[in-house]
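Coordinate-derived values only; no laboratory data. From a predicted model like this one, the values you see are computed outputs, not experimental measurements. Ideal geometry is used to build each Cβ from the backbone, glycine not excepted, and the neighbour counts take in all protein chains shown.
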Amino acid sequence: MTGTDALSGRNWPPTPDFDTWPVEHLPVEAGTDGRIVTVAWDDGRISRYHAIWLRDNAADPATHSPATREQVGHPWDLPEDPVASSVAVAANGSLDVTFMPEGRTVAYHPGWLRALDYSNGRRDDLGEIAPTCWDRRRLEAPPTFDGPACLDRDGALLEALEALMEYGIVRLRDVPADETAVQRAAERIGTIRNSNFGFLFDVKTAPAESRKAADSNAYFSGALAPHTDLATREYEPGLQLLHCLRNTTRGGRAIYVDGFAVADELRRTDAGLWRAVTQIEWTFTNRSPATDYRWRAPLVVLDGNGDPCEIRATTFLRGPLNVDFGDVEAAYAGLRAFQTLAASARFGMTFDYTPGDLVIFDNRRVLHGRTAFDDAVGERALKGCYMEREEVLSRIRVLRRALRAKPG
Ligand SMILES: [Fe+2]
């Protein structure tokens, strides 16, 4: 678990994780009153750490497994009132803390200690990237990246994934137009989420006979109004990948809409509609002889700060509205207003799929749709799959960690 910092070549103490902690500052002085350890850094910053916090985060084998870095002790194993009886800055710049009554001395990595300085307002960086909302004027086309580069190079993939978290959509170009490329691309990010549409699914023109068994409007040639997929599920898929393999039909233009931007427009302009789309729940039910998924949720789900964090707009899978008598007309007004804005030219980004295009989008934020296409001429084939947002966030953190660890 002991690491060597690439910049200084010093041997640092272990940390209770697999992350990389560059050392940009060193402690110069440390003191303790038993309960609180105070550290003075070489740039003048003063940091304070509770003895119980330091003891809990000790990276010694009795506290964290050297193999898994997971905690091996139970909460009741922690001394109820640990005392940091003495502290010292070691010759290599790490911080040594001795705890009583155990008589245990633990060394702390200065890069880790500095980065986790909660006494100066530090909060967990979950790697989340604030969304930049867009309409068609602000974003005419998806942020576009070279597909083969993203499949081969970590730096290129990281850039694309950061754009995906910011805008909710990216397009990779020239991804080989074969049947398994979408799986290879998805697994560069993380784990694919299976569904009743299959591990991978096809959205393609098909002989009229075979459509009798179709279980989604998407398998016909008609226009699809902007929507999210699978609002019928407790966890609406956080990510969708659509890879164009063939496209020689007329029409079938892609439409993508930032649902957060549409929600913001309602928030700014009409308090009644805002209440309707954020408070009144619809029941979403999938229609299938074999499955019966259901979930109740408003069209726009808010986070703890009152901001949109999820759009549930699989409007063609709504069950009969079942809400308070007085909310029925408001629910329909909100639904109509939200979908009318989402379908308007102001919010919808449109483009044609080119074979090799792989569009990755946040299915809980960005609505997707298409214009109708003429399936009497040519062929249209998209291959897709679902994933979760957290797969992207995990990959971003790991890629950032690896890039931080590279010298220079
Ligand atoms: Fe869809």
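At a glance:
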{"item": "Long-range HN-HN contacts of residue 145 with modeled amide H, under 5 Å", "result": "171, 172, 173"}
{"item": "Overall dimensions of the range 144-397 by Cα: Rg and Dmax, Å", "result": "18.1, 56"}
{"item": "Trypsin sites (Lys or Arg not before Pro) lying in DSSP loop within the range 28-64, provided at most 16 other Cβ fall within 10 Å", "result": "35, 45"}
{"item": "Nearest-ten-degree value, helix 259-269 long axis tilted from longest Cα axis of the chain", "result": "90 degrees"}
{"item": "Cβ-placed point charges (K, R +1; D, E -1), dipole of the range 186-310 about Cα centre in debye, nearest 20", "result": "540 debye"}
{"item": "Relative exposure of 235, 386, judged by other C-beta atoms within 10 Å (fewest first)", "result": "235, 386"}
{"item": "Hydrodynamic radius of the range 104-191 per Kirkwood, over alpha carbon pairs, in Å", "result": "16.1 Å"}
{"item": "Bridge type composition, the chain - antiparallel percent by DSSP, nearest 5", "result": "95 percent"}
{"item": "Cβ-placed point charges (K, R +1; D, E -1), dipole of the range 3-124 about Cα centre in debye, nearest 20", "result": "140 debye"}
{"item": "When the range 3-124 is reduced to its Cα atoms, the Kirkwood hydrodynamic radius in Å", "result": "14.6 Å"}
{"item": "Loop GluC sites (Glu not before Pro), the range 32-133, which have at most 11 other Cβ atoms in a 10 Å radius of their Cβ (DSSP)", "result": "70, 80, 128"}
{"item": "396, 52 arranged by Cβ crowding within 10 Å, fewest neighbours leading", "result": "52, 396"}
{"item": "Amide hydrogen neighbours beyond the local backbone of residue 250, cut-off 5 Å, H modeled", "result": "374, 377"}
{"item": "Loop-located trypsin sites (Lys or Arg not before Pro) in the range 331-365, at most 14 other Cβ atoms within 10 Å (DSSP)", "result": "346"}
{"item": "Estimated dipole of the chain in Debye, rounded to 20 [Cβ of Lys and Arg +1, of Asp and Glu -1, Cα centre]", "result": "1120 debye"}
{"item": "Highest average packing first - 367-374, 322-329, Cβ atoms within 10 Å", "result": "367-374, 322-329"}
{"item": "Quotient of C-alpha Rg and 2.2 N^0.38 Å, computed over the range 233-346", "result": "1.18"}
{"item": "Karplus-derived 3J(HN,Hα), 6.51/-1.76/1.60, for each residue of the range 224-234, Hz, glycine and proline x", "result": "10, 5, x, 7, 9, 9, 6, 5, 6, 9, 4"}
{"item": "Over the chain, relative contact order from alpha-carbon pairs under 8 Å, at least 6 apart, %", "result": "21 percent"}
